[in-house]
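Q: This is the structure I have questions about; it appears just below.
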Amino acid sequence: MSVLLPASEAEAEAIIGEAAAARAPLAIEGGGTRPTGRPVQAERTIATRALSGITLYEPAEMVIAARAGTPLAEVEAALAANRQRLAFEPMDHRPLLGTAGEPTIGGVAAANVSGPRRIHSGAARDSLIGIRFVNGRGETVKSGGRVMKNVTGLDLVKFLAGARGSLGLLTEVTFKVLPEAETETTLVIAGLDAERGVAALSAALGTPWEVTGAAHLPAEPGDVSHTVMRLEGFAPSVAYRRERLAAALAAFGPAELLEGEDSRALWAAIRDVRLLAAPPGKAVWRLSVPPMEGPAVGRRLEAALGSRLLYDWGGGLIWASADETGDAGAAAMRAAAAAAGGHATLVRAGPATRAAVAAFTPDPAPLAALARQVKTVFDPAGIFPAVFDAA
Amino acid sequence: MSAIPKLAPRAGVVERRASILAGLAALVPPAALITAEDERRAYETDALTAYRQIPLAVVLPETTEEVSAVLAFLNREGVRVVARGAGTSLAGGALPTEDSVVVGVSKMNRILEVDTANRTIRVEAGVTNLAVSGAVSHLGFFYAPDPSSQLACTIAGNIAMNSGGAHCLKYGVTTNNVLGAKIVLMDGTVVEIGGKALDAAGLDWLGLVVGSEGQLGLVTEATLRILPLAEGARPVLMGFSSAEDAGACVAAIIGSGIIPVAIEYMDRPAIKVCEAFAHAGYPLDVEAMLIVEVEGSEAEIEDLLGRITAIAQDFRPQTIKVSRSEAESLAIWKGRKSAFGAMGRIADYMCMDGTIPTGQLPLVLRRIAEICAARGLEVANIFHAGDGNLHPLVLFNANEPGGLEKAEECGAEILKLCVEVGGCLTGEHGVGVEKRELMVHQYTPVDLAQQTRLKSAFDPAWLLNPNKVFPLEGRVLS
Ligand SMILES: Cc1cc2nc3c(=O)[nH]c(=O)nc-3n(C[C@H](O)[C@H](O)[C@H](O)COP(=O)(O)OP(=O)(O)OC[C@H]3O[C@@H](n4cnc5c(N)ncnc54)[C@H](O)[C@@H]3O)c2cc1C
C-alpha cells in the first residue's frame, strides 16, 4: 500500500486525474485517527498531511481558513491565542478508537465531527462556511467562502461536510469561530434514572439560560448516575443562570456544581466518550435519535445487548457498547434507532467486524438512487470511497 | 426592460396549453387550478417587480400527494415548474416563464406538530415564518430566523433562499435551524430527509436543499428547531463620525468576547430617510450608526450594555443612547425595520445584498458611493455589521428612460466589488434571476459545472425553475 502526499492542489489534481483515468481507487486519509466504515479496498492512499497550514485568520471577523491537512491542534492553538474557539467542540476519536496520529481540520470537516456543544452552537457543518476540494475528475472546485452569510449558488459546503471523502478530497476549509467563554460551570444532579435524567435535560434546554452541554451518565458499578448541564459565559451571567437553573430543576433533586477546570475535564471526557473506551474489545455504536426517545432506546439496548451507555445532546446522542461477536449488535442497534426515528453508526470495531458489518444506516430507496446519481456527478470513475459504504 | 436575457421557451409547450390544463384539472380540485389571465397575473412577479411574466397556469395544491401527482404529470409532459411561496423574493426567484406552471404552496399552511420537549415543530411548507413563532410563543419558544418580510414570507421560500434576519448573528440562518423536510422531486418521487434527531444518516441532503432556490425539488413539509425565548432584550444606539470608527467599534465588541444578538449599521442617508419616516430619535449629525442588541435577564443586559458602551468610548462616539424601556426599544427598531418601506416613499430603489469581510467596510462604502455618483444616483447603506451582509439601496427613478438600467448597472458593479474584496454576490436574498449572469464573477466554469451537474442529477431535463441561478450561456448538464 503506497501513500501519496500532494503538497498543493495542483499535485492533488494530477494524482486524482491519473487515478480517474486508470480507474484506480484511492483511499483518503487526514490524520488517520477516525477509521470508521468498511476498510477501503485501494492499493493507494492519498493523504492530506502535506497540505498544511493556516491560510487566513481574522479574529475580528471570526473566521479561520486552513489547508485540509493542518493539525486540528494547530488550529485550536491559533484560536486560543486570541481567546477564540471552534464552537462545535470536535470530538477527539483517539481515546475511544485507540488510534495514534494527529487529527486534521479537513478530517473534522469531512466527517462532520461535533461534540457536546452541538446542542447549542450547531455541528461542524454549521460552522463550516467555505471549502475547496478536488473532485473525481481531478478538478479543484470551490464553494462558499470566508464570509458568514453566503447563499450564492448550491451549498456544496454542507453537502461535502460529512460526506467522508466520497465526493471529493477537501483541500482547504474555512470555519467561522466564536469567542471562548470567560467561565463555565456544570450543574450535576445525582441518582436519576435515564428517563428522569433526560427529562431534567429537556427541562433545562427549554429554559432561556442557554445550556451548552446536556448529558446523562448512567450509574457505573458502585456509583450513582450523573445528569450534567453546562453553562458558559461572563462570570456574573453564569452565576445568575446557575441559580435560576438549579431552582428550575429543584424537583429533580439538588444540584452540585463543578467549576472551571473540573467542568472542562468532564466535558472533554464526555466529548471523547472516554467512559466507553475500556474495555477495548467491545464494539461502540453511535445512535442519533429525537432526544426524548433516548431513554427508551437505551432500555432496549440494555435488554437486548447488555450495552453500557452514555447520553449526550440532551438524550439525542447515545453512545452504546456491544460485544464484538456476530453482527456486533447491528440488528438490535438499527432496529432501536429506526423505531425512534433515528439512525445508528458503528464507530468502533476491529477490521474483521468492520469488513463484515455495515457501519452506516442504509438510505431508503429514493435517497439511495439519488446518492448513486450524485456520486457519478462528483466521481464518475468511482475512485473515491463509496458513499457511506453503499454498494 | 432590462438587460438580463430571457430563457427561450420549450418548443411546443405554450401551444399545448389546453391539453396541459386539462391534465392538471384531472389531478387537483377546481379551486386549486388558476387559469384565467387576470387571476394568473397575480403571479407574474415577486418583490423584484421590474420583471414580470404571466405563467401558463397556477396550481395551489393542498397536499403532498397532489404536489407529487402534478409534478409527475408535468415531468411527463416536459413542462417547466416554478415553485412559489408568498412571492416576496427580492431576487426574482419566483418569477415565472411563459411556458411554466407555477406550483404554489400557500394553501399548505398547517402547523402539524409542536414538540417542546424535543424543541421541534413540524409544519407544512406554506406556513408563514411569523406563524411558526406564533404557534409556540405562548409556550416560551420561538423560531429564530426572522427575515423582515416574516409576516408574509413562507417557510418554503425561507428554505429555498436560506433566509436570514436581524438576529442571525447569534442564532444562525435557516440552514442552521432546519432538521427535516419532505421534498417532491420533479418526477413526483416523495423523499423524506431528517426529522427530530439532530443529524440524519447519509449525505447532508438537507444542507444541499436549503438555499437551492427551487432547483432540486419542491419542499412540502419541514421540521424546524424552536428555541426558548430570552428573558428580555434591549438595544443601544451609537453614532460615529466615520465608517472607520463604527467598523472598528464592531471589531472591538466582537474581540471582547461578546456576541450580541444583532449589530445593525446604517449610514447617513439611511439614517435620514428612516428618521423622517419613523421618528425613532436617530442622530442626524453622524456618518454611521450602530444598533447593538443584547439578550438576557435585566442584570445581564445591564452588564453587557455597560461593557459595549465602555468599548465604544475608544471610537469617539457622538451619541450613545441605551434604550431604557420597551417603548424606546421599539422606536429604535422601528426605524431600522421600516427602512425598505421608508426608502420606497422617496424613490424607487434596488435593494442589493452582498456580503463582505467586515474589515473592508470603509473601503467598500467609499467605492459604492463612487459607483453610484458616476451614474448620478444616490445610495443608502444598511449593513448587518456582525456578519458582513451589506444592503446598499440604490435609488433611481423608474419613470426616467434608462433609470432602471442605470440602477442595475450600479448594482452589478457593487456586487462585483463585494466579490473582489473577498465576499459574495448574495448573503440572504438568493441569486434568482437578478444575479444569475453575475455568477461568473464569483465562480469559475469548473465551480459552476459542478453545481449544474448536481442539479441535473435531481432534474435531468432542467424543468425546475430553469430561468434562475445559473448563467444561461455555457450550462454544463452532464
Ligand atoms: C420587504 C422585504 C423584506 C425582506 N427582508 C428579508 C430579510 O430580512 N432577510 C432575508 O433573508 N430575506 C428578506 N426578504 C426576501 C424574501 O422575503 C425571502 O427570500 C423569503 O424567504 C421568500 O419567501 P417567499 O415565501 O416569499 O418565497 P417566494 O418569493 O415565493 O419564492 C422564493 C424562492 O423560493 C422558491 N420556492 C418557493 N416555494 C418553494 C417550495 N415549496 N419548494 C422549493 N422552492 C420553493 C421559489 O421558486 C423562489 O426561487 C425580504 C423581502 C421583502 C419584500
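The values are calculated or read from the model by the stated rules, or taken from the named source; none is laboratory data. It should be emphasised that the depicted structure is a prediction, and the values quoted were computed from it without experimental measurement. FYI the Cβ positions are ideal-geometry reconstructions off the backbone, even for glycines, and counts take in every protein chain you see.
Q: Any residue at all in the stretch B:13-23 that is in contact with a Ser or Thr (Cβ under 9 Å, 6 or more places away or on another chain) and closer than 21 Å to B:L472 by Cβ?
A: Looking through the stretch B:13-23, at least one residue is in contact with a Ser or Thr (Cβ under 9 Å, 6 or more places away or on another chain) and closer than 21 Å to B:L472 by Cβ.
Q: To continue, here is another question. Tell me, which strands (runs of 3 or more DSSP E) lie completely within the stretch A:163-271 with 3 or more residues that are away from chain B (no Cβ under 12 Å) and surrounded by 21 or more Cβ atoms within 10 Å (Cβ to Cβ)? Break it down into steps so the answer makes sense when it comes.
A: On the way: elements: A:169-176, A:183-190, A:211-217, A:226-233, A:255-259.
The strands (runs of 3 or more DSSP E) meeting that bar are A:169-176, A:183-190, A:211-217, A:226-233.
Q: Answer yes or no: is there a residue in the stretch B:280-289 that is touching a residue at least 60 places away in the same chain (Cβ under 8 Å) and in the same structural domain as B:A246 (by TED's automatic domain parsing). Write out each step before concluding.
A: Taking the stretch B:280-289 first, the residues touching a residue at least 60 places away in the same chain (Cβ under 8 Å) are none.
No, that holds for no residue.
Q: Separate question: Restricting the search to the stretch B:41-95, which residues are of a type in the set (S, T, N, Q) and within 12 Å of the ligand (Cβ to nearest atom)? Break it down stepwise before answering.
A: Pass one, the stretch B:41-95, residues of a type in the set (S, T, N, Q): B:45, B:49, B:53, B:63-64, B:68, B:75, B:88-89.
Those that are of a type in the set (S, T, N, Q) and within 12 Å of the ligand (Cβ to nearest atom): B:T45, B:T49, B:T64, B:T88, B:S89.
Q: Another question about this same structure. For the stretch B:138-166, which positions are more than 10 Å from every other protein chain (Cβ to nearest Cβ) and more than 10 Å from the ligand (Cβ to nearest atom)?
A: The answer is B:H138, B:F142, B:Y143, B:A144.
Condition check ((1) within 16 Å of the ligand (Cβ to nearest atom); (2) within 19 Å of B:V67 (Cβ to Cβ); (3) touching a Gly at 6+ places or on another chain (Cβ under 7 Å); (4) of a type in the set (G, A, S)) across all residues:
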residue: B:V190; (1), (2), (3), (4): yes, yes, no, no
residue: B:D204; (1), (2), (3), (4): no, no, yes, no
residue: B:T220; (1), (2), (3), (4): yes, yes, no, no
residue: B:P228; (1), (2), (3), (4): no, no, yes, no
residue: B:A278; (1), (2), (3), (4): yes, no, yes, yes
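Q: Could you please find all residues in the stretch B:424-450 being more than 7 Å from chain A (Cβ to nearest Cβ), in a loop (DSSP other than H, G, I, E, B) and within 21 Å of the chain's Cα centre (by Cα)? Before you say what the answer is, go through the steps one by one.
A: Initially, the stretch B:424-450 is screened for residues more than 7 Å from chain A (Cβ to nearest Cβ), giving B:429, B:432-438, B:440-441, B:444-445, B:448-449.
Checking which are in a loop (DSSP other than H, G, I, E, B) leaves us with B:429, B:432-435, B:444.
Listed by number, the residues that qualify are B:H429, B:G432, B:V433, B:E434, B:K435.
Q: Is there any pair with a first residue in the stretch B:135-162 that is without any contact (Cβ under 8 Å) to a residue 12 or more places away in the chain and a second that is more than 7 Å from the ligand (Cβ to nearest atom) and part of a helix (DSSP H, G or I) whose Cβ atoms are under 8 Å apart and which are 6 or more apart or on different chains, and what are they?
A: Close Cβ pairs (under 8 Å, with a partner that is more than 7 Å from the ligand (Cβ to nearest atom) and part of a helix (DSSP H, G or I)) do not exist here.
Q: Please state which of the following conditions B:K170 fails to meet, knowing it meets all the rest: (1) closer than 30 Å to A:D312 by Cα; (2) crowded, with 21+ Cβ neighbours inside 10 Å; (3) in contact (Cβ under 8 Å) with a residue 40 or more places away in the chain.
A: Only one criterion in (1) closer than 30 Å to A:D312 by Cα; (2) crowded, with 21+ Cβ neighbours inside 10 Å; (3) in contact (Cβ under 8 Å) with a residue 40 or more places away in the chain is unmet by B:K170, namely (2).
Q: Just one of B:P269, B:P260, B:P235, B:P283 is assigned to a loop (DSSP other than H, G, I, E, B), away from chain A (no Cβ under 14 Å) and away from the ligand (no atom under 16 Å from the Cβ); which is it? Reasoning before the result, please.
A: Working: B:P269 fails: assigned to a loop (DSSP other than H, G, I, E, B); B:P260 fails: away from chain A (no Cβ under 14 Å); B:P235 fails: assigned to a loop (DSSP other than H, G, I, E, B).
Result: B:P283 is the single residue among B:P269, B:P260, B:P235, B:P283 that is assigned to a loop (DSSP other than H, G, I, E, B), away from chain A (no Cβ under 14 Å) and away from the ligand (no atom under 16 Å from the Cβ).
Q: Which one is surrounded by the fewest Cβ atoms within 10 Å (Cβ to Cβ), of the residues in the stretch A:134-152 that are facing chain B (nearest Cβ under 8 Å) and farther than 23 Å from A:V177 by Cα?
A: Ranking the candidates gives A:E139 first.
Q: If A:I131 passes every condition in (1) more than 10 Å from chain B (Cβ to nearest Cβ); (2) in contact (Cβ under 8 Å) with a residue 60 or more places away in the chain but one, which one does it miss?
A: (2) is the only condition that A:I131 fails.
Q: Name the strands (runs of 3 or more DSSP E) wholly within the stretch B:341-423 that hold at least 2 residues that are within 12 Å of chain A (Cβ to nearest Cβ) and either modelled with pLDDT under 95 or touching a strand residue (DSSP E or B) at 6+ places or on another chain (Cβ under 9 Å) (or both)? Can you show your working first?
A: On the way: elements: B:348-351, B:378-384, B:389-396.
In the stretch B:341-423, the matching strands (runs of 3 or more DSSP E) lie at B:378-384, B:389-396.
Q: Among the numbered conditions (1) in contact (Cβ under 8 Å) with a residue 40 or more places away in the chain; (2) charged (D, E, K, R); (3) in the same structural domain as B:G359 (by TED's automatic domain parsing), tell me where B:E400 comes up short.
A: (1)
Q: Another question about this same structure. Please enumerate the residues belonging to the stretch A:355-371 that are touching a residue at least 12 places away in the same chain (Cβ under 8 Å) and either in contact with a strand residue (DSSP E or B) (Cβ under 7 Å, 6 or more places away or on another chain) or among the aromatic types (F, W, Y) (or both).
A: Once the filter is applied, which keeps residues that are touching a residue at least 12 places away in the same chain (Cβ under 8 Å) and either in contact with a strand residue (DSSP E or B) (Cβ under 7 Å, 6 or more places away or on another chain) or among the aromatic types (F, W, Y) (or both), the stretch A:355-371 yields A:V357, A:A359, A:F360, A:T361.
Q: Looking at the stretch B:43-60, is at least one residue under 24 Å from the mean Cα position of the chain (by Cα) and part of a helix (DSSP H, G or I)? It would help to see each step written out before you state the result.
A: Residues of the stretch B:43-60 under 24 Å from the mean Cα position of the chain (by Cα): B:43-55, B:58-60.
Filter again for part of a helix (DSSP H, G or I), leaving B:43.
Yes, some residue in the stretch B:43-60 is under 24 Å from the mean Cα position of the chain (by Cα) and part of a helix (DSSP H, G or I).
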